[in-house]
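Let me begin by presenting the structure, written as structure tokens, before commenting on it.
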Amino acid sequence: VWRTSNGGTTWARASLPRWHHERRHGEPGLNSHGTITFADVNRGWLSLDLKGNTLFGTSTLLTTCDGGRTWDWAPNGPDAHIGGMVAVGDTLWTVGQAHGVSELDANRDSFADFDSVSLPAPSQIAPNTLPTYSLPVFLDSRNGYEVVRYRSPNGATSAEVLYSTSNGGNSWKADGTLKSLQGSEDVNSAIAGSAWILPFDPQGGSA
């Protein structure tokens with residue numbers, strides 16, 4: 001891992017601790033795919049994927065408390081392949097895949113446990129839809145938003161729901177729903193203040 005404290009003028013290298021695995025027992029090694037996030041100038045997290053199928057694989061976590069100078073293996077992590085992370089105050093949020101299913105996890109107790117976050121779909125969303133979670137966006141330590149994509153079982157149609165929280169993610173409520181999406185449409189949205197901004201083409205529409 002390379003780090004800079006002067007805007008990229010100079011860089012310093014930090015070595016990661018050795019990953020212990022037993023090849024003869026079939027334990028996978030690490031690859032170079034992963035993601036990194038920091039809560040502040042000192043506290044950060046780094047995920048690395050275990051070798052294998054990312055759809056059904058898992059990731060391992062490292063932590064730093066000195067701005068990335070030294071790293072240690074986290075004692076625990078989500079039982080999933082981590083696709084993204086964001087740190088908000090003392091909470092680490094991760095999104096990824098667990099056994100082929102999208103998963104949103106939160107850790108609030110120094111890696112003693114990761115809690116899987118399941119947001120119930122609003123009543124106007126068809127039953128048996130499959131959720132795809134995104135990384136939450138927080139305006140501060142308490143107020144944030146989460147966008148969830150719901151696809152029908154046959155993948156023909158989908159909808160997106162905007163959830164909001166005012167207590168740091170301890171509870172969420174549905175604030176907006178975008179329906180009439182093609183199942184294959186990939187809608188990229190953004191949160192600007194309290195506004196949900198996204199382009200889309202409704203079925204049968206021209207813009």
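The values are calculated or read from the model by the stated rules, or taken from the named source; none is laboratory data. The shown structure was predicted, so the numbers you read here are calculated from the model rather than taken from an experiment. Every residue, glycine among them, receives a Cβ derived from its backbone with ideal geometry; neighbour counts consider all protein chains shown. Just so you know, the surface numbers come from the protein's heavy atoms only, side chains and all, with ligands and any DNA or RNA stripped out. Shrake-Rupley method; radii C 1.70, N 1.55, O 1.52, S 1.80 Å.
Would you point out which residue out of Thr54, Thr60, Thr37 is outside any loop (DSSP other than H, G, I, E, B) and either over 25 Å from Tyr133 (Cα atoms) or at pLDDT below 90 (or both)?
Just a single option satisfies the conditions, and that option is Thr60.
So which residues in segment 67-113 are open to solvent by 40 Å² or more (accessible area, probe 1.4 Å), on the phi < 0 side of the Ramachandran plot and in a loop (DSSP other than H, G, I, E, B)?
Listed by number, the residues that qualify are Arg69, Thr70, Pro75, Asn76, Asp79, Asp90, Arg108, Asp109, Ala112, Asp113.
Which condition from (1) modelled with pLDDT of 90 or more; (2) in contact with a Gly (Cβ under 7 Å, 6 or more places away or on another chain) is the one that Asn170 breaks?
(2)
Within segment 15-27, can one find any residue that is open to solvent by 50 Å² or more (accessible area, probe 1.4 Å), modelled with pLDDT of 90 or more and not in a loop (DSSP other than H, G, I, E, B)?
No, segment 15-27 has no match at all.
Of all residues being under 19 Å from Asn188 (Cβ atoms) and part of a loop (DSSP other than H, G, I, E, B) in segment 129-154, which is most open to solvent (accessible area, probe 1.4 Å)? Just the residue, please.
Looking at the filtered set, the residue picked out is Leu135.
Limited to segment 155-167, what total is found for residues that are part of a loop (DSSP other than H, G, I, E, B) and either farther than 14 Å from Ser141 by Cα or at pLDDT below 90 (or both)?
Counting residues in segment 155-167 that are part of a loop (DSSP other than H, G, I, E, B) and either farther than 14 Å from Ser141 by Cα or at pLDDT below 90 (or both) gives 2.
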